[in-house]
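These notes concern the structure reproduced below.
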Amino acid sequence: DTGVSQDPRHKITKRGQNVTFRCDPISEHNRLYWYRQTLGQGPEFLTYFQNEAQLEKSRLLSDRFSAERPKGSFSTLEIQRTEQGDSAMYLCASRGLRDGLNTEAFFGQGTRLTVV
Amino acid sequence: SQQGEEDPQALSIQEGENATMNCSYKTSINNLQWYRQNSGRGLVHLILIRSNEREKHSGRLRVTLDTSKKSSSLLITASRAADTASYFCATPRGNNRLAFGKGNQVVVIP
């Protein structure tokens, strides 16, 4: 396991369809984060898991968005009834412990969503 | 408002020159981090500077932190074409989530 994996890398969907993205964090990392990044902007926090518990959700995460991390390993982010404004890069990051201290965040390559 | 806000810049420099970019933030922090993002890719952690540090080096990178001015700078020395990327500063918030600025786009011309 060399890093955080995200699947798919690219997704084009029609408005109104549902999409699901997957993130596989670094295996020993118990903290997992989802971010969204639009063109020309920095990433914006969406939600945070510690193990399987979803401990924080941004107000950006509308009721059309849901995220899970059922076994404290991989995570999924689902968007229902997609809108054109959902077009963005969705980034996953994980963190663990090294020598008792939090590591830096390790990011996946992202899933680029285009809603047409 | 989001913490970790760079002076949004687009820098275009010749290979071998130095590139400097700045970041300001609004509240107290424990540390400040810099990330690099190549076009259409994920972010890569470059360097973390703690609030009790004033300067930190990592290879060709030099980061400064001025907590009195709530600002940080990232200097890339002897730039290379491979340094072409967007650079973001980020500050930790609750649950160690990161607040990012808009980024600085750096183009190094061979």
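The values are calculated or read from the model by the stated rules, or taken from the named source; none is laboratory data. All of these numbers come straight from a predicted model, not from anything done at the bench. Positions of Cβ are backbone-derived with ideal geometry, glycine not excepted, and every protein chain shown enters the neighbour counts. Calculation scope for accessible area: heavy atoms of the full protein, side chains included, ligands and nucleic acids excluded. Shrake-Rupley method; radii C 1.70, N 1.55, O 1.52, S 1.80 Å.
Looking at the structure I just gave you, is residue A:53 out of contact with any Ser or Thr (no Cβ under 8 Å at 6 or more places or on another chain) and open to solvent by 30 Å² or more (accessible area, probe 1.4 Å)? It is true that residue A:53 is out of contact with any Ser or Thr (no Cβ under 8 Å at 6 or more places or on another chain) and open to solvent by 30 Å² or more (accessible area, probe 1.4 Å). Would you call residue B:93 among the charged types (D, E, K, R) and under 10 Å from the mean Cα position of the chain (by Cα)? Spelling it out, it is not the case that residue B:93 is among the charged types (D, E, K, R) and under 10 Å from the mean Cα position of the chain (by Cα).
Residues are listed down the side, and each one gets a yes or a no for (1) within 14 Å of the chain's Cα centre (by Cα); (2) within 11 Å of chain B (Cβ to nearest Cβ); (3) assigned to a strand (DSSP E or B):
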position	(1), (2), (3)
A:16	no, no, no
A:26	yes, no, no
A:35	yes, yes, yes
A:42	no, yes, no
A:45	yes, yes, yes
A:48	yes, yes, yes
A:78	yes, no, yes
A:85	no, no, no
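When each of A:72, A:42 is tested for being open to solvent by less than 10 Å² (accessible area, probe 1.4 Å) and at pLDDT below 95, the lone residue that passes is A:42. Of the residues making up the stretch B:65-110, those that are within 14 Å of chain A (Cβ to nearest Cβ) and part of a loop (DSSP other than H, G, I, E, B) are B:93, B:97, B:101, B:102, B:103. Restricting B:10, B:78 to those that are out of contact with any Ser or Thr (no Cβ under 8 Å at 6 or more places or on another chain), modelled with pLDDT under 95 and not β-branched (Val, Ile, Thr) reduces the list to B:10. Criterion first (among the small types (Gly, Ala, Ser), more than 27 Å from residue A:87 (Cα to Cα), open to solvent by less than 50 Å² (accessible area, probe 1.4 Å) and not in a strand (DSSP E or B)) does residue B:28 satisfy it? Judged against the criteria, residue B:28 is not a match.
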